[in-house]
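Peer 1: Following this message is one structure expressed as structure tokens.
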Amino acid sequence: MRTLAVAGRVLTQIRRDHRTLAMLLVVPGLLITLLWWMFQDLPGATFDRFGPGLLAIFPFMVMFLVTSVTTLRERSSGTLERLLSMPMGKLDFLLGYALAFGAIAAVQSAIAVGVSVGLLGLDVNGPVWLLGVVAIVDAVLGTALGLFVSAFAATEFQAVQFMPLVVVPQILLCGLFVARENLPGVLEVISAALPLSYAVDAMQELVGRADESAVWADVGVVVAFALAGLALGAATLRRRTA
Amino acid sequence: MMNNVIAIQDLHVVRGGREALRSVSLDVGPGVTGLLGPSGCGKSTLMRAIVGVQIVRSGGVEILGRPAGSKPLRDRVGYVTQAASVYDDLSVSENLRFFARVLGVQRIDGGLDRAIDEAITAVDLDGYRDQVVGNLSGGQRSRASLAVALLGDPEVLILDEPTVGLDPVLRRDLWALFHRLADAGKAVLVSSHVMDEAERCDRLLLMRDGRIIADGTPAEIRGDARDIEDAFLRIVEGEAVA
């Protein structure tokens, strides 16, 4: 009940902010189109090589950014403290956010996948709806991590600084630029510990061999990371502070 | 005897390396109790400890016979922070609707709408219900924050400087509201650093440097001094001499 109240409130806030709404829903689709356009004159199916990875990366990146700033705002404006002094459970709070951003992610990935497969001709061997599932799970991962890092920022300025710290290394090591098995040993090990690697794996799998059990295994890993992120986030929600 | 709504025993709180509250013991019953003292004397810290959001070094705080911050108390204690803690990107009524749902205000028979209407009317924001809080003036934002604390009809109200920045008419109306609530049997603890608000309280607690330096009715504390401010200065100077 309270979970729904939080989710409803977050959605109302986002809906009121048209620019953020546009960034969340429309920009990933636009960026993928830009990427497709970039590769237009190159031989080979380069879009097919990079497209799936981006379908995994964009939801993660966008949700991480929006969540880290939004939850930081809750902390700094005092509303979080107020909520925790009320009958609001930490889990209700977290699940409310996850639900709201998950719903937005569903629309976002529908648009991005629709554009990629329908308009831009991305060749997918696996079921298209599974692409959407991976994108949504990815977005929830971004939400969970964004919530967690917001505990370590005092201002919105500090919150966005986590982007280059948490998101960009994952983009570099996830297998998009260099296949993971071709990375130097240490980097390969590190990339195996980063959740985005598995999301990109899942997307590339779906487009390529389409071994569904491998996809679900990767999705499972991302879900586990997301749950761990939520648990860590819960630990940073303190009722009593100094 | 359960006469004491708030019972504090030997409370010690350390904040930012300094002793914010030193060995504070007090009892508060129903009625309007004023907590007066200069900025930085520990009023907010004391209120946070009562509401249960303050990390406490030692000492006991009990509200309505239960430890401060315990679950059963969370919908029975209304709390207003010094800085308005409401969502700037939601309207007044959207804010109230959200917090009312968190508090579990009964929805049947339009109870939720009634509670929201009553809260808005009590703080005289009737014409601003659908205004986004971020567009309101400072005083209006404070009143919106106060309206949230009134939801759910709490038995205890802890109000941290609710009259700051308000004109005399509004202040008079708010104090009338506090007394109306107290007449209905609630305990209202109001803090202020404006000494002339002291006369409006049933009982006064004067604070300085983390200690309670006077406790009684305004008449008792004033004694033969000109006014409360004078009495306060006499006490402080008396301590300096002693």
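Peer 1: Could you list, in sequence order, the residues of the stretch B:87-109 that are buried (at least 18 other Cβ atoms within 10 Å of the Cβ), more than 7 Å from chain A (Cβ to nearest Cβ) and among the aliphatic types (A, V, I, L, M)?
Peer 2: Within the stretch B:87-109, B:V92, B:L96, B:A100, B:V105 meet the criteria.
Peer 1: Still on this structure, I have one more. Can you find a residue in the stretch A:197-219 that is among the hydroxyl-bearing types (S, T, Y) and over 19 Å from A:F64 (Cβ atoms)? Give the derivation first.
Peer 2: As a first pass, look at the stretch A:197-219 and keep what is among the hydroxyl-bearing types (S, T, Y): A:197-198, A:213.
From what is left, the residues that are over 19 Å from A:F64 (Cβ atoms) are A:213.
Checked against the condition, which is being among the hydroxyl-bearing types (S, T, Y) and over 19 Å from A:F64 (Cβ atoms), the stretch A:197-219 yields at least one hit.
Table: residues versus (1) closer than 29 Å to A:V219 by Cα; (2) surrounded by fewer than 19 Cβ atoms within 10 Å (Cβ to Cβ).
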{"site": "A:Q40", "(1), (2)": "no, yes"}
{"site": "A:R49", "(1), (2)": "yes, yes"}
{"site": "A:L54", "(1), (2)": "yes, no"}
{"site": "A:V66", "(1), (2)": "yes, no"}
{"site": "A:T79", "(1), (2)": "no, no"}
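Peer 1: Among the listed residues A:A226, A:A234, identify the single one that is outside any loop (DSSP other than H, G, I, E, B) and modelled with pLDDT of 90 or more. Even if it seems obvious, please write down each step before you answer.
Peer 2: Working: A:A234 fails: modelled with pLDDT of 90 or more.
Checking each option against the conditions leaves just A:A226.
Peer 1: Okay, moving on. What number of residues in the stretch B:20-58 are closer than 20 Å to B:V164 by Cβ, more than 14 Å from chain A (Cβ to nearest Cβ) and among the charged types (D, E, K, R)?
Peer 2: Number of matching residues: 1.
Peer 1: While we're on this one: Scanning for something under 23 Å from B:A49 (Cβ atoms) and within 14 Å of chain A (Cβ to nearest Cβ), does the stretch B:118-141 turn up at least one residue? Steps first, please.
Peer 2: Quick first cut of the stretch B:118-141, residues under 23 Å from B:A49 (Cβ atoms) only: none.
There is no residue in the stretch B:118-141 that is under 23 Å from B:A49 (Cβ atoms) and within 14 Å of chain A (Cβ to nearest Cβ).
Peer 1: Something else: Scanning for something more than 13 Å from the chain's Cα centre (by Cα), farther than 24 Å from B:L96 by Cβ and small (G, A, S), does the stretch B:201-213 turn up at least one residue?
Peer 2: yes
Peer 1: Tell me which helices (runs of 4 or more DSSP H) are completely within the stretch A:1-107 and hold 2 or more residues being among the hydrophobic types (A, V, I, L, M, F, W, C) and within 14 Å of chain B (Cβ to nearest Cβ), or say none if there are none.
Peer 2: Values: elements: A:2-16, A:18-25, A:27-38, A:46-77, A:79-84.
In the stretch A:1-107, the matching helices (runs of 4 or more DSSP H) lie at A:2-16, A:46-77, A:79-84.
Peer 1: Restricting attention to the stretch A:114-155, which residues are more than 19 Å from the chain's Cα centre (by Cα) and assigned to a helix (DSSP H, G or I)?
Peer 2: A:V117, A:G118, A:L119
Peer 1: Specify the residue that is nearest to B:S142 (Cα to Cα); the eligible residues are those in the stretch B:59-79 that are more than 9 Å from chain A (Cβ to nearest Cβ) and assigned to a strand (DSSP E or B).
Peer 2: Selected residue: B:G78.
Peer 1: Of the conditions (1) hydrophobic (A, V, I, L, M, F, W, C); (2) under 14 Å from the mean Cα position of the chain (by Cα); (3) crowded, with 18+ Cβ neighbours inside 10 Å; (4) farther than 21 Å from B:H12 by Cα, B:M195 fails just one. Which one is it?
Peer 2: Among (1) hydrophobic (A, V, I, L, M, F, W, C); (2) under 14 Å from the mean Cα position of the chain (by Cα); (3) crowded, with 18+ Cβ neighbours inside 10 Å; (4) farther than 21 Å from B:H12 by Cα, B:M195 violates only (2).
Peer 1: OK, next. Being farther than 25 Å from A:G78 by Cα and in contact (Cβ under 8 Å) with a residue 24 or more places away in the chain is the requirement here; does A:A214 meet it?
Peer 2: Numbers: farther than 25 Å from A:G78 by Cα: yes; in contact (Cβ under 8 Å) with a residue 24 or more places away in the chain: no.
Judged against the criteria, A:A214 is not a match.
Peer 1: Separate question: Taking the stretch A:192-211, which residues are without any contact (Cβ under 8 Å) to a residue 40 or more places away in the chain and under 17 Å from the mean Cα position of the chain (by Cα)? Step through it out loud before you land on a result.
Peer 2: Here is the first cut: in the stretch A:192-211, the residues without any contact (Cβ under 8 Å) to a residue 40 or more places away in the chain are A:192-194, A:197-198, A:201, A:211.
Answer for the stretch A:192-211, where residues must be without any contact (Cβ under 8 Å) to a residue 40 or more places away in the chain and under 17 Å from the mean Cα position of the chain (by Cα): A:A193, A:L194, A:S197, A:Y198, A:D201.
Peer 1: I need the full set of residues from the stretch A:24-49 which are of a type in the set (F, W, Y) and at pLDDT below 85, in order please. Give the steps one after another, and end with the answer.
Peer 2: To start, the set of residues in the stretch A:24-49 that are of a type in the set (F, W, Y) comprises A:36-37, A:39, A:47.
Matches in the stretch A:24-49: A:F47 only.
Peer 1: Go through the stretch B:110-142 and count every residue that is assigned to a helix (DSSP H, G or I), buried (at least 17 other Cβ atoms within 10 Å of the Cβ) and touching a residue at least 24 places away in the same chain (Cβ under 8 Å). Working first, answer last.
Peer 2: As a first pass, look at the stretch B:110-142 and keep what is assigned to a helix (DSSP H, G or I): B:110-122, B:126-128, B:133-135, B:138-142.
Filter once more, keeping what is buried (at least 17 other Cβ atoms within 10 Å of the Cβ): B:112, B:115-116, B:119-120, B:122, B:128, B:133, B:140-142.
Subsequent filtering for residues that are touching a residue at least 24 places away in the same chain (Cβ under 8 Å) retains B:115-116, B:119-120, B:122, B:128, B:133, B:141-142.
Of the residues in the stretch B:110-142, 9 are assigned to a helix (DSSP H, G or I), buried (at least 17 other Cβ atoms within 10 Å of the Cβ) and touching a residue at least 24 places away in the same chain (Cβ under 8 Å).
The values are calculated or read from the model by the stated rules, or taken from the named source; none is laboratory data. Computed from a predicted model, the values in this text were never measured in an experiment. Reconstructed Cβ throughout: ideal geometry from the backbone, glycine too, with neighbour counts over all protein chains shown.
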